[in-house]
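Novice: Below is the structure I would like to discuss, written out as structure tokens.
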Amino acid sequence: MPEYKHLKPLAPWREIKASRDDWAALKPELGTTMLTQMHLIPAFEEKVLELAAQGLVHGPAHSAIGQEGGAVGSAIAMRPGDQVNGSHRAHHQFLAKALCFVEQDGIDPNQPFSGEVRHLAKRTLAEILGLAQGFCKGRGGSMHLRWPEAGNLGTNAIVGGGVPIAAGAAWVHRHLNTGNVVYTYFGDGAVNIGSVLETMNIAAAWKLPICFFIENNGYAVSTTVAESTAEIRLSSRGLAFGISSFKVDGMDPIAVYLASDEANAHMRAGHGPTIIEADVYRFYHQNGALPGSAFGYRTKQEGGAMARA
Amino acid sequence: MMDAIASELIETSKGKRQIVPSLWPDESFRDFGLRGNLEEFDDIRFEEEETFGGQLKSGVKFVETVADVMDRRMATDPRIVVMGEDIHRLKGGTNGATRGLARKYPDRCLGTPICENAFTGLAGGMAADGRIRPVIEFMYPDFMWVAADQIFNQIGKARHMFGGENAMPLVLRTKVAMGTGYGSQHSMDPAGIFATAPGSRIVAPSTPFDYVGLINSALLCNDPVLVLEHVDLYNSTGSALQKTLIFTFRLVRPKSCEPAAA
């Protein structure tokens, strides 16, 4: 009879939820800023989809409606010097980081938007439309949004392509002891590609201050997580690489904020990378203004249930 | 607010909604920023071996020059970081090209796991930051295919993709090992692939003197530079400088060289 010894992974893997006390303890300015961002960002996205439906967007319009919680909750926990990058579906993450940068004292929902916020929204929309006043002079479009002053390193159209680059930025922060962190946002589709897994390994080996933020919206275009991977709790990858990992309800920005805050403390202390898996829902199809159910890979009821939750 | 913003960017012409025509980028902007304009070379000293007036010593081994010049540059420029597989061990990697660097600059001489895609992308991220000048070594150019997305879709395209103003000062050193008997997967010359993909510059020094000039140019350049080192040249000898001198070679002027005696 062979003998067995159960082996324990190096790093912790935990689900994190916001308790009633956490809601009560949240600073009101953070709460109202998050609320405002979670209204402005989908309004922006709806405008993009409206213009796309009119044939005015030359290129894709990968909407992030339904996924704002992950972006806003994490952005609010960051400092202006922290940096982020994202994928082809990153308008919300770009905007959340940029909004925190232009309004470092928060946004008051009772006031009209400031000139800076308006200018940010206009320049971002201009870039998506391919106009000269955009952040990349119209060259980048929806999938290549970059504003380095605000910590937006540049979004990427190759699935998983931006992840090693984010780790390089994190290396510089560690080398120069800036105390800053980098968040690289990607989805359940990217979590199975080599560049992401290779970067998780080297980031952990070199203790880089990078958070691998997995936005799990359940679908890569039309392919489900369950079809694509055996362990569908995607934050589990951390166990393989010795990375402290969190699983959180991405539709609850307070919970995301708490996870990010804890991840930041870990990374700023020099303990290495973190993983945050945020469960969200992509209300529209991968690209454009039709719902996913129109393409047959999920039901209308699923979309409705997620909207009501 | 979004309605108001959109109305500033879109107009109705002949009953149809369209982008306000004057807001489009100029057509002449199309290829701007495929590579930088080399303005970083504006006030730099250029030399060529044929016309060099200073003191030279002969009989210097090519591969020793590779490590030597990197040592001199790293000594005075804290931004330079070298990285690659085993470059921190074996007395300078698998060919001795990084000899002595790990001992002198332990936090800037990084031995990587075997993960070309990740470490190449990492170097791209370091370069894009602006405070670091990374030098990656690919043990064999054939391995670049493992990192192809990072080299060609990310590093090579980054400047143009984001509007043309963002630098990507990365150096990629690799050795052309054809003739060493290692077979199909260790015999590549990558020049053709790089020459037909956007964004990079290519140098292929053939003497120790040229190596110094070209690597200095590569380290100064704000575009990605591929530095090809042929293994057959590693043990060759030539002239090198007696004293430390930073000079560069013009990156845009090809130089024809005599074939080596058999």
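The values are calculated or read from the model by the stated rules, or taken from the named source; none is laboratory data. From a predicted model like this one, the values you see are computed outputs, not experimental measurements. Cβ atoms come from the backbone with ideal geometry, glycine included; neighbour counts cover every protein chain shown.
Novice: Restricting attention to segment A:142-173, report how many residues are on the phi > 0 side of the Ramachandran plot and at the interface with another protein chain (Cβ under 7 Å from one of its Cβ atoms).
Specialist: Applying the first criterion (on the phi > 0 side of the Ramachandran plot) to segment A:142-173 yields A:151, A:154, A:160.
Pick out the ones that are also at the interface with another protein chain (Cβ under 7 Å from one of its Cβ atoms) and you get A:154.
Final tally of qualifying residues: 1.
Novice: Test each condition in (1) more than 26 Å from A:G154 (Cβ to Cβ); (2) modelled with pLDDT of 95 or more; (3) in contact with a Lys or Arg (Cβ under 6 Å, 6 or more places away or on another chain) for B:I132 and report the one that comes out false.
Specialist: Among (1) more than 26 Å from A:G154 (Cβ to Cβ); (2) modelled with pLDDT of 95 or more; (3) in contact with a Lys or Arg (Cβ under 6 Å, 6 or more places away or on another chain), the lone unmet condition for B:I132 is (1).
Novice: Let me ask something else about it. Can you name every one of the helices (runs of 4 or more DSSP H) wholly within segment B:73-167 that holds 1 or more residues which are among the small types (G, A, S) and closer than 19 Å to A:G194 by Cβ?
Specialist: Numbers: elements: B:101-104, B:116-129, B:158-161.
Where helices (runs of 4 or more DSSP H) fall fully within segment B:73-167 and carry at least 1 residues being among the small types (G, A, S) and closer than 19 Å to A:G194 by Cβ, they are B:116-129.
Novice: Filtering segment B:126-158 down to residues that are within 13 Å of another protein chain (Cβ to nearest Cβ) and β-branched (V, I, T), which residue is farthest from B:A97 (Cα to Cα)?
Specialist: As a first pass, look at segment B:126-158 and keep what is within 13 Å of another protein chain (Cβ to nearest Cβ): B:126-134, B:136, B:145-158.
Cutting the leftovers down to β-branched (V, I, T) gives us B:132, B:136, B:146, B:151, B:155.
Numbers: B:I132: 21, B:I136: 12, B:V146: 22, B:I151: 22, B:I155: 24 Å.
Residue satisfying both the conditions and the ranking: B:I155.
Novice: Here's a follow-up. Of everything in segment A:176-201, what is at the interface with chain B (Cβ under 7 Å from one of its Cβ atoms) and crowded, with 20+ Cβ neighbours inside 10 Å? Give them in sequence order.
Specialist: Once the filter is applied, which keeps residues that are at the interface with chain B (Cβ under 7 Å from one of its Cβ atoms) and crowded, with 20+ Cβ neighbours inside 10 Å, segment A:176-201 yields A:S195, A:E198, A:T199.
Novice: Test B:R72 against the criterion of being of a type in the set (K, R), more than 30 Å from A:A132 (Cβ to Cβ), more than 14 Å from every other protein chain (Cβ to nearest Cβ) and out of contact with any strand residue (DSSP E or B) (no Cβ under 6 Å at 6 or more places or on another chain), and give yes or no.
Specialist: Numbers: of a type in the set (K, R): yes; more than 30 Å from A:A132 (Cβ to Cβ): yes; more than 14 Å from every other protein chain (Cβ to nearest Cβ): yes; out of contact with any strand residue (DSSP E or B) (no Cβ under 6 Å at 6 or more places or on another chain): yes.
In short, yes.
Novice: Next up: Look at segment B:168-195 and say how many of its residues are free of Cβ contacts under 8 Å to residues at least 60 places away in the same chain and in a strand (DSSP E or B). Steps first, answer last, please.
Specialist: Our first condition is that a residue be free of Cβ contacts under 8 Å to residues at least 60 places away in the same chain; within segment B:168-195, this holds for B:168-172, B:174, B:176-195.
So of that shortlist, the ones also in a strand (DSSP E or B) come out as B:171-172, B:174, B:176.
The total comes to 4.
Novice: Continuing with the same structure: In the set A:E103, A:E45, A:E29, which member is acidic (D, E), buried (at least 24 other Cβ atoms within 10 Å of the Cβ) and either over 27 Å from A:A167 (Cα atoms) or touching an Asp or Glu at 6+ places or on another chain (Cβ under 9 Å) (or both)? Walk me through it before giving the result.
Specialist: On the way: A:E103 fails: buried (at least 24 other Cβ atoms within 10 Å of the Cβ); A:E29 fails: buried (at least 24 other Cβ atoms within 10 Å of the Cβ).
So the residue among A:E103, A:E45, A:E29 that is acidic (D, E), buried (at least 24 other Cβ atoms within 10 Å of the Cβ) and either over 27 Å from A:A167 (Cα atoms) or touching an Asp or Glu at 6+ places or on another chain (Cβ under 9 Å) (or both) is A:E45.
Novice: How do the helices (runs of 4 or more DSSP H) wholly within segment A:11-76 filter down when requiring 1 or more residues that are within 14 Å of chain B (Cβ to nearest Cβ): which remain? Walk me through how you get there before you give the answer.
Specialist: Values: elements: A:20-25, A:28-53, A:68-76.
Helices (runs of 4 or more DSSP H) meeting the threshold: A:28-53.
Novice: Still on this structure: Just checking, which of B:T51, B:T12 is of a type outside the set (A, V, I, L, M, F, W, C) and under 27 Å from the mean Cα position of the chain (by Cα)?
Specialist: Values: B:T12 fails: under 27 Å from the mean Cα position of the chain (by Cα).
Sole residue among the options that is of a type outside the set (A, V, I, L, M, F, W, C) and under 27 Å from the mean Cα position of the chain (by Cα): B:T51.
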